[in-house]
Amino acid sequence: MKILTLNFLTCAVKACKSSAASYPLHPQEVELAKDEMEYNPQAMLNFLLRLDWAALRMTATELGFATLPEEMPTAEDLQQDELKMRQLHELLLETHVVSGKLVCGNCGHEYGIKEGIANFLLPSHLV
Amino acid sequence: MSRPEDTLVADIHYNVTESRKYTTSSRIQNVQASMTLRALELLDLSGPSFILDVGCGSGLSGEILSATPPDEGGPHVWVGMDISADMLDIALERDVEGDLLYSDIGQGVPFRAGTFDAAISISAIQWLCNAESTETSPQGRLSRFFNGLYASLRRGGRAVCQFYPKNDQQKKMITQAAVKAGFGAGLLEDDPETKNVKVYLVLTVGGTAQDGNSGDITNVVNGMEGVDVLDSRRRAREKSSGRGDIKPQKGSKAWIMKKKEQMEKKGKVVKASSKYTGRKRRIQF
Ligand SMILES: C[S@@+](CC[C@H](N)C(=O)[O-])C[C@H]1O[C@@H](n2cnc3c(N)ncnc32)[C@H](O)[C@@H]1O
Ligand SMILES: [Zn+2]
């Protein structure tokens with residue numbers, strides 16, 4: 001699972017819908033892998049519009065990556081700084097969580113990840 | 001044609017044997033590919049997008065999303081949801097580029113608001129019509145799915161779901177669940193009244209003028225044949241938007257569309273917005 005996707009996933013438990021603490025999910029005991037993907041600046045700029053930068057910073061820190069700047073880079077920043085754009089591409093699209101779990105900060109539910117696939121099936125009483 | 005949907009639940013039907021048989025059949029590959037391309041055409045994406053594939057199975061559609069060339073607006077990045085572990089296994093084997101979630105769409109769509117540019121679903125959502133347990137009803141599952149899907153799409157986003165309704169009642173139940181969730185909805189049928197009929201539910205999420213998309217389903221299906229329109233929110237919007245400054249030429253398509261809108265304002269139900277009003281087409285809802 002790409003870090004990009006992690007920036008959009010929320011806890012699926014019904015009672016967590018209205019809780020701010022249910023996002024982002026917290027990766028734990030994860031194993032990461034790099035999987036190359038074609039660099040596409042146009043796609044990056046589109047995704048940038050919807051990134052939650054604060055959540056991405058938190059995720060990066062939790063995964064042990066270098067701290068991201070506090071301010072989200074603007075489209076212009078990135079267009080002028082190819083290196084920065086490529087780094088973001090590498091983080092968001094090429095870095096994968098292959099195993100571990102995602103934990104909800106509100107209810108504590110754990111979503112297991114195996115071979116990159118997160119298990120979001122819920123027992124029916126949590127739906 | 002046999003309908004596994006009527007007797008089995010999806011995660012049991014799509015076991016190892018069935019999932020492999022399904023994915024390696026060249027007939028199935030061709031049919032799924034052509035429906036995916038049709039859905040992409042209906043989504044009309046302008047650039048590389050973030051797409052949800054609902055009931056993605058072994059990734060037959062996803063491969064097309066990843067392979068869409070730049071001059072056709074791609075390549076797209078996608079996330080697939082599926083309830084069959086065996087289907088997902090085969091997707092892994094095929095080394096698809098999209099991310100996969102092992103999940104039941106009848107339980108909802110676990111993404112924050114405005115995540116996706118678009119959603120696609122090929123041959124999957126009819127499965128929602130059989131309740132998977134005694135604790136849930138098809139209506140409950142449909143509503144959780146469409147509410148979740150609606151929220152997960154950005155304003156101005158679209159979803160196209162090709163599905164195999166068992167009968168008209170099921171078609172109606174699914175469409176109404178989508179409309180109830182807030183979508184503008186249209187049904188498109190390719191090859192109607194043949195045994196190869198393909199039904200596409202085209203859904204829009206109200207956009208802003210800024211997106212160049214008023215969220216009006218008639219824009220989406222403009223120029224397409226056999227399309228019916230149902231939009232729960234249009235009337236309210238039209239009241240406030242004060243549109244209608246353009247005077248289209250009499251007899252033109254735009255004129256006909258305008259006519260329909262006017263009639264609708266008068267409270268008459270007008271559903272069709274196909275290319276030729278006089279054309280024979282199927283009307284659903
Ligand atoms: C006919 S296959 C289509 C797969 C893929 N979309 C394609 O075109 O090749 C139907 C898929 O829907 C999935 N499905 C059925 N019910 C589902 C549910 N409630 N949640 C998620 N996936 C579901 C099945 O597991 C199966 O993979
Ligand atoms: Zn939770």
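Observations on the structure shown:
- Flag for A:A12 being within 16 Å of ligand 1 (Cβ to nearest atom) and more than 22 Å from B:P70 (Cα to Cα): yes
- Selection from region B:139-161 of residues that are touching a residue at least 40 places away in the same chain (Cβ under 8 Å) and of a type outside the set (G, A, S): B:F145, B:L149, B:Y150, B:L153, B:R154, B:R155, B:R158, B:V160, B:C161
- Close pairs from region B:92-105: first within 13 Å of A:I117 (Cβ to Cβ) and among the β-branched types (V, I, T), partner away from ligand 1 (no atom under 11 Å from the Cβ) and open to solvent by 20 Å² or more (accessible area, probe 1.4 Å), Cβ under 9 Å, at least 6 apart: B:V96/B:S66
- Evaluation of B:D44 against (1) over 15 Å from the mean Cα position of the chain (by Cα); (2) open to solvent by 10 Å² or more (accessible area, probe 1.4 Å); (3) more than 13 Å from chain A (Cβ to nearest Cβ); (4) in contact (Cβ under 8 Å) with a residue 12 or more places away in the chain (one fails), failing number: (1)
- All conditions but one from (1) assigned to a helix (DSSP H, G or I); (2) within 16 Å of ligand 1 (Cβ to nearest atom); (3) not hydroxyl-bearing (S, T, Y) apply to A:R86; the one that does not is (2).
- Considering the conditions (1) at pLDDT below 95; (2) in contact with a Leu (Cβ under 7 Å, 6 or more places away or on another chain), A:T67 is excluded by exactly one of them, (2).
- Restricting region A:100-111 to residues that are in contact with a strand residue (DSSP E or B) (Cβ under 8 Å, 6 or more places away or on another chain) and open to solvent by 30 Å² or more (accessible area, probe 1.4 Å), the residue that is nearest to B:W78 (Cα to Cα): A:K101
- In the set (1) within 25 Å of A:N119 (Cβ to Cβ); (2) crowded, with 16+ Cβ neighbours inside 10 Å, the condition left unmet by A:N46 is number (1).
- Criterion (more than 7 Å from every other protein chain (Cβ to nearest Cβ), at negative phi, in contact with a strand residue (DSSP E or B) (Cβ under 7 Å, 6 or more places away or on another chain) and not charged (D, E, K, R)) met by exactly one of B:L142, B:L149, B:L88: B:L149
Every residue, every condition in (1) in contact with a helix residue (DSSP H, G or I) (Cβ under 6 Å, 6 or more places away or on another chain); (2) within 16 Å of ligand 2 (Cβ to nearest atom); (3) within 22 Å of B:Y200 (Cα to Cα), yes or no:
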{"site": "B:E5", "(1), (2), (3)": "yes, no, yes"}
{"site": "B:S19", "(1), (2), (3)": "yes, no, no"}
{"site": "B:S25", "(1), (2), (3)": "no, no, no"}
{"site": "B:M35", "(1), (2), (3)": "no, no, yes"}
{"site": "B:R38", "(1), (2), (3)": "no, no, yes"}
{"site": "B:L45", "(1), (2), (3)": "no, no, yes"}
{"site": "B:L52", "(1), (2), (3)": "no, no, yes"}
{"site": "B:E63", "(1), (2), (3)": "no, no, yes"}
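- Here A:H96 fulfils each of the conditions (1) within 14 Å of chain B (Cβ to nearest Cβ); (2) in a loop (DSSP other than H, G, I, E, B); (3) over 26 Å from B:R141 (Cβ atoms) apart from (2).
- Answer residue from region A:5-31, given it is surrounded by 20 or more Cβ atoms within 10 Å (Cβ to Cβ), within 16 Å of ligand 2 (Cβ to nearest atom) and polar (S, T, N, Q) and is nearest to B:R154 (Cα to Cα) among those: A:T10
- Selection count where residues are outside any helix (DSSP H, G or I) and either within 16 Å of ligand 2 (Cβ to nearest atom) or polar (S, T, N, Q) (or both), scope region B:7-17: 2
- All conditions but one from (1) more than 11 Å from chain A (Cβ to nearest Cβ); (2) in contact (Cβ under 8 Å) with a residue 12 or more places away in the chain apply to B:D71; the one that does not is (2).
- Only one of the listed residues (B:L100, B:L92) is open to solvent by 10 Å² or more (accessible area, probe 1.4 Å), more than 9 Å from ligand 1 (Cβ to nearest atom) and more than 24 Å from B:R155 (Cβ to Cβ). That residue is B:L92.
- Residue pairs whose Cβ atoms lie under 7 Å apart, sitting 6 or more positions apart in sequence or on different chains, and linking a residue in region B:162-182 that is touching a residue at least 12 places away in the same chain (Cβ under 8 Å) to a partner that is among the aromatic types (F, W, Y) and open to solvent by 20 Å² or more (accessible area, probe 1.4 Å), are B:K172/B:F285; B:T175/B:F285; B:A181/B:Y150; B:G182/B:Y150.
- Lone qualifier among A:K114, A:K2, A:K34 - being buried (at least 20 other Cβ atoms within 10 Å of the Cβ), among the charged types (D, E, K, R), within 30 Å of B:D89 (Cα to Cα) and in contact (Cβ under 8 Å) with a residue 12 or more places away in the chain: A:K2
- Residues in region B:124-157 that are open to solvent by 20 Å² or more (accessible area, probe 1.4 Å), among the hydroxyl-bearing types (S, T, Y) and at pLDDT 95 or above: B:S143, B:Y150.
- Top-ranked residue of region A:1-58 - restricted to ones that are facing another protein chain (nearest Cβ under 9 Å) and assigned to a strand (DSSP E or B), ranked as nearest to A:L88 (Cα to Cα): A:K2
The values are calculated or read from the model by the stated rules, or taken from the named source; none is laboratory data. It should be emphasised that the depicted structure is a prediction, and the values quoted were computed from it without experimental measurement. Cβ coordinates were reconstructed from backbone atoms using ideal geometry, including for glycine residues, and neighbour counts include every protein chain displayed. Surface areas here come from the heavy atoms of the whole protein model, side chains and all, with no ligands, DNA or RNA. Shrake-Rupley method; radii C 1.70, N 1.55, O 1.52, S 1.80 Å.
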